[in-house]
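To start, the structure under review is shown below, and the notes come after it.
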Amino acid sequence: DVKVTQSSRYLVKRTGEKVFLECVQDMDHENMFWYRQDPGLGLRLIYFSYDVKMKEKGDIPEGYSVSREKKERFSLILESASTNQTSMYLCASSPRGDPNYGYTFGSGTRLTVV
Amino acid sequence: GENVEQHPSTLSVQEGDSAVIKCTYSDSASNYFPWYKQELGKRPQLIIDIRSNVGEKKDQRIAVTLNKTAKHFSLHITETQPEDSAVYFCAAMDYNQGGKLIFGQGTELSVKP
């Protein structure tokens, strides 16, 4: 019973391309997050959203943007992909307020920019 | 903003030994501290969490301790087994301010049979 779904498991894109990473959750969670995971650096927060049409920058937003037009969907956009954006991208969702069960993560998208 | 430091980055133990992973955080307003386990090729999964109103929590072979004064918390795994081998992440959050988790750098635990 997959509850947070990321559209692609592996993606290869060329430098300069516009890249869309999609995330959909079916748990009616208010909060959604995008992290990138790199060895030795852990999970770093790119952008997050507490509600439809709202977004806030995380710790490393440069080179990224997001869109949340519907509650269940949170998209990460790389406006012009660069090789230093090669990484594993993880989407997560959680309910508003006390996180009784923590985050639910997607399976991740491994993006390679060549 | 919040900053979480995690040590060690790698840890190797013999099966049956104990393993301890330590984290420190910077924001005294943080009140929720989860630990996630990520097996190779899989998504992170919550294994245990602790809130700022308690000092210790235990679930079978795993336990977490929290020292609010020193702003550090630790994960303890006893009687380690090969299936405990994974990357472990600590994190911190002030859930009264929305709910964003800030993660540590991760610890790769290897349990040798």
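Pick out the one residue from B:Gly16, B:Gly41 that is more than 10 Å from every other protein chain (Cβ to nearest Cβ) and within 18 Å of B:Leu109 (Cβ to Cβ).
Result: B:Gly16 is the single residue among B:Gly16, B:Gly41 that is more than 10 Å from every other protein chain (Cβ to nearest Cβ) and within 18 Å of B:Leu109 (Cβ to Cβ).
State which residue pairs qualify: first residue over 19 Å from A:Ser8 (Cα atoms) and inside the range A:61-85, second residue part of a loop (DSSP other than H, G, I, E, B) and open to solvent by less than 20 Å² (accessible area, probe 1.4 Å) in any location, beta carbons under 9 Å apart, and separation of 6 or more residues or different chains.
As it stands, the answer is A:Gly63/A:Ala81, since those pairs meet every condition given.
What number of residues within the range A:88-110 satisfy the criterion of being within 12 Å of the chain's Cα centre (by Cα) and farther than 15 Å from A:Phe48 by Cα?
5
Among the numbered conditions (1) more than 27 Å from A:Lys55 (Cα to Cα); (2) of a type outside the set (S, T, N, Q); (3) at pLDDT below 95; (4) open to solvent by less than 60 Å² (accessible area, probe 1.4 Å), tell me where B:Ala19 comes up short.
(3)
Filtering the range B:73-95 down to residues that are more than 9 Å from the chain's Cα centre (by Cα) and within 8 Å of chain A (Cβ to nearest Cβ), which residue is farthest from A:Leu41 (Cα to Cα)?
The selected residue is B:Tyr95.
Suppose the filter is touching a Cys at 6+ places or on another chain (Cβ under 8 Å) and away from chain A (no Cβ under 14 Å); does B:Leu66 pass it?
Taking the combined requirement at face value, the residue does not satisfy it.
List every residue pair whose Cβ atoms sit under 7 Å apart, with the two residues 6 or more apart in sequence or on different chains, where the first one lies in the range B:98-112 and is at the interface with chain A (Cβ under 7 Å from one of its Cβ atoms) and the second, anywhere, is assigned to a strand (DSSP E or B) and charged (D, E, K, R).
Every condition considered, the pairs that remain are B:Gly104/B:Glu5.
From the list A:Tyr103, A:Tyr50, pick out the single residue that is open to solvent by 20 Å² or more (accessible area, probe 1.4 Å), within 14 Å of chain B (Cβ to nearest Cβ) and among the aromatic types (Phe, Trp, Tyr).
A:Tyr50
Can you confirm whether A:Arg68 is within 13 Å of the chain's Cα centre (by Cα), open to solvent by 40 Å² or more (accessible area, probe 1.4 Å), at pLDDT 95 or above and not acidic (Asp, Glu)?
no
The values are calculated or read from the model by the stated rules, or taken from the named source; none is laboratory data. These figures come from a predicted structure and were not determined experimentally. Please note: Cβ atoms are built from the backbone with ideal geometry, for glycine as well, and neighbour counts cover all protein chains shown. For the accessible areas, the whole protein counts, side chains as well, though only heavy atoms, and no ligand, DNA or RNA atoms are used. Shrake-Rupley method; radii C 1.70, N 1.55, O 1.52, S 1.80 Å.
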